[in-house]
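Please read the structure below before turning to the comments.
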2 protein chains.
Amino acid sequence: MENNKITIHDIARILKIDSSTVSRALNDSDRVTQKTKDKILAKAQELGYQRNHLASNLRKSKTYTLGVIVPRISRHLFSSAIAGVEETAYKMGYNVIICQSLEQLERERNIVGTLLANRVDGVLLSVSMETINYDHLQGLKQRNIPFVFFDRHCNISDNSNVLIDDYQAGFDATEHLIGQGCKHIVHFSGPQNLEIYKNRLKGYLSALQIYDIEFRKDLIIESRLMEIDGVENAKLLLELPYKIDGIFSANDIAAIGAMQYLKQQGIRIPEDIAVVGFSNEPISALIEPSLTTIDQPGFKIGKTATTLLISQIHEGATKMKSETIILKPNLIERKSSLRKFESGNY
Amino acid sequence: MENNKITIHDIARILKIDSSTVSRALNDSDRVTQKTKDKILAKAQELGYQRNHLASNLRKSKTYTLGVIVPRISRHLFSSAIAGVEETAYKMGYNVIICQSLEQLERERNIVGTLLANRVDGVLLSVSMETINYDHLQGLKQRNIPFVFFDRHCNISDNSNVLIDDYQAGFDATEHLIGQGCKHIVHFSGPQNLEIYKNRLKGYLSALQIYDIEFRKDLIIESRLMEIDGVENAKLLLELPYKIDGIFSANDIAAIGAMQYLKQQGIRIPEDIAVVGFSNEPISALIEPSLTTIDQPGFKIGKTATTLLISQIHEGATKMKSETIILKPNLIERKSSLRKFESGNY
DNA sequence: CTGTTAGCGCCTTCAT
DNA sequence: ATGAAGGCGCTAACAG
């Protein structure tokens, strides 16, 4: 059995029937007797037959492939999401092509082209920090290829999204700090073209308002939220004319950068300044308990988005109704940083 | 231009030539006049023609798809490697199917089946902790589908590998600790069916020998190296009849678990006990400088392995000569934990 | 150099 | 319930 080259015709010839019957049997059509079906399936098994998807897909002009675009695969949130995508996709008989935009719009545009060339049946995407509009997604619309935004989306006409409730999480984070007695809470915010950062900011503002804390514009520090930005933010923060006692960071990396710097300056955390940060990386769980995190359910996001996308693919080009699913992140205040690193689906 | 349905026949008809000429031109064959080539390319561009890979691949009976099997996508080492795989693969015109074994042999076996069914042109794999032999890879061998192990391999007959020099790294790590004045160095080792752990252990033993330090069997603690194992190891370590002053951990997660526990017990790091750990996760870079890490070049591993695999695919079933490439990891002693988190290709 | 012919392996009308 | 026939879109002989 050198090179598996068995086709439906081989089976047909051996069984002295037509290949179309074999094809039907293999597809479990109800227009074949159970008896012949059994016979065919048995022979197929015996010969080690494997359907040639290339041929099948060509005929059906479907690829059973999904495209996934993320800013960066190795970000924990995204690799977890991808894990969820893969799992769901395979269960439903789809393959997945994964691409990274590296936060560049130009690359994102090219990737869309590649995915079109590969005739994917649908696309999942989390846009880059540079992405403001979705002109580069027109090709998908034109060819009726459904796509679903996850985590980072574009706030535009009827698209499907699977998002985290950033507003609520921002509110909870701020409320948590207020509950700890913080009076002057700085917010490390991200690029405002991304909805997630807008919403986290909104949550922050709401909490201040409800708890009747005066809002000061200079307490909002916007950056791209890399670790070095956290350090810079921390420096800025120390020069403010208020005694800062809380930080709500829109991600954990910047939060950690800031914490490192502040500790070097002899500031105690959380005694002097309490910190809450969105958790993109598992690091947050391992750093000392002084960082309270908002954990994002990456795996679940991936699963949910994939399920939604595939359902849209199945609906077909009929009446692609857009849908937005919002998942809840969890505020986690650690008593101890010792938690099971391997647990769950991470 | 509703649904892009332009084929080479359309172009041929419009230009009043044969579709085979169009095909040749599109494939940049040297058996077409430059003039007609230009004409065809221009028209193709104008009509927005895109080659149908399904048809092309069916005809050539190649999928231009690689399978990648890793224990877990969201592990930083693997997601970095995958990033490298993707980049290289796309450049060479290949797609990538990514699968997770979740450290289970059974899943690994199934995945191989799936990849075979998908007719991948080659496979990259990093075996699960449960994988002892490679019976489940027979299918690949039989059908002459080349595969390359990366990072975690099976030490068996002529296969291709892209590995890290674990022996040397283990030696360096131990030497580093000895250089710090450590006399009693514990080694947290991993499952011995994996070569990587065997080799790290060998490096440890060699360094002890060369520096004339007595080897004690009870200083080697074997586990699956999860965080909780690190804690357990730390407990064991404190009960040893020697004053332990150094730990060489075969991964960072266990190292961190141990460090957390030891610090709770009032032990100072690195003053009382110095720790060196292999770095699978970026966390190691952010945890305080007390953990010296051995950084593994995941991205480069991915790139290298892919290049090797594709070259084997191109060589064809002729004389698939196996090759092993060994990359050097870096021992990184941090002065400050503040390093650029976003840098490089992570 | 270009055209003709013949499939790759499968699925799907259309007959019977 | 099964068979016959054609074609998805492309490529690779083989001619000329």
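Details
- Put the Cα centre of the stretch A:49-84 next to the Cα centre of the stretch A:176-242 and the gap is 39 Å.
- Taking the longest Cα principal axis of chain A as reference, the axis of helix A:34-47 is set at about 70 degrees.
- Rg and Dmax of the stretch B:3-51, both derived from C-alpha coordinates alone, stand at 9.7, 32 Å.
- In chain A, the longest principal axis of the Cα atoms and the axis of helix A:105-117 are about 10 degrees apart.
- Average projected area [Cα convex hull, the stretch B:1-97], square nanometres: 8.4
- Summed side-chain charge close to B:Glu222 - residues other than B:Glu222 whose Cβ falls under 13 Å, Lys, Arg +1, Asp, Glu -1: +1
- Charge-dipole axis of chain B as Lys and Arg at +1 and Asp and Glu at -1 on Cβ define it, positive-most pick from B:Val123, B:Gly203, B:Tyr90: B:Tyr90
- The residues A:Asp218, B:Asp151, when put in order of fewest to most other Cβ atoms within 10 Å, stand as A:Asp218, B:Asp151.
- A Gaussian network model of chain A, with springs between Cα atoms under 10 Å, assigns the largest mean-square fluctuation among A:Arg13, A:Arg51, A:Arg200 to A:Arg13.
- Enclosed volume per residue, in Å³, of the convex hull spanned by Cα atoms of chain A: 176
- Counting Cβ atoms of other protein chains within 10 Å of each Cβ in A:50-63 and taking the mean gives 4.
- Cα shape, the stretch B:169-240, gyration tensor, a/c 1.5 rule: oblate
- All C-alpha pair distances within the stretch B:92-136, sorted into 5 Å bins from zero, spread as 5, 21, 31, 23, 12, 5, 2 percent across the bins.
- Here the contact order of chain B, divided by its residue count and restricted to Cα pairs under 8 Å and six or more residues apart, works out to 17 percent.
- Ranking of B:Leu66, B:Leu140, A:Leu238 by neighbouring Cβ atoms within 10 Å, starting from the fewest: A:Leu238, B:Leu140, B:Leu66.
- Rounded, prolate or oblate (a/c below 1.5 giving rounded, otherwise prolate when a/b exceeds b/c) for the stretch A:78-215 by Cα gyration tensor: prolate
- Amide hydrogen neighbours beyond the local backbone of B:Gln50, cut-off 5 Å, H modeled: B:Ile6
- Per-residue Cβ neighbour counts within 10 Å put A:Ile326, B:Ile310 in the sequence A:Ile326, B:Ile310, beginning with the fewest.
- Prolate/oblate/rounded call for the protein assembly as shown, Cα gyration tensor, a/c under 1.5 rounded: oblate
- Of A:Lys60/B:Lys91; A:Lys235/B:Lys243; A:Lys235/B:Lys263, those spanning more than 32 Å from alpha-carbon to alpha-carbon: A:Lys235/B:Lys243
A short reminder: the numbers here are calculations on the coordinates, not readings from a lab. As the structure is a computational prediction, the values presented were derived from the model and not from experiment. Virtual Cβ from ideal backbone geometry, glycine too; neighbours counted across all protein chains shown.
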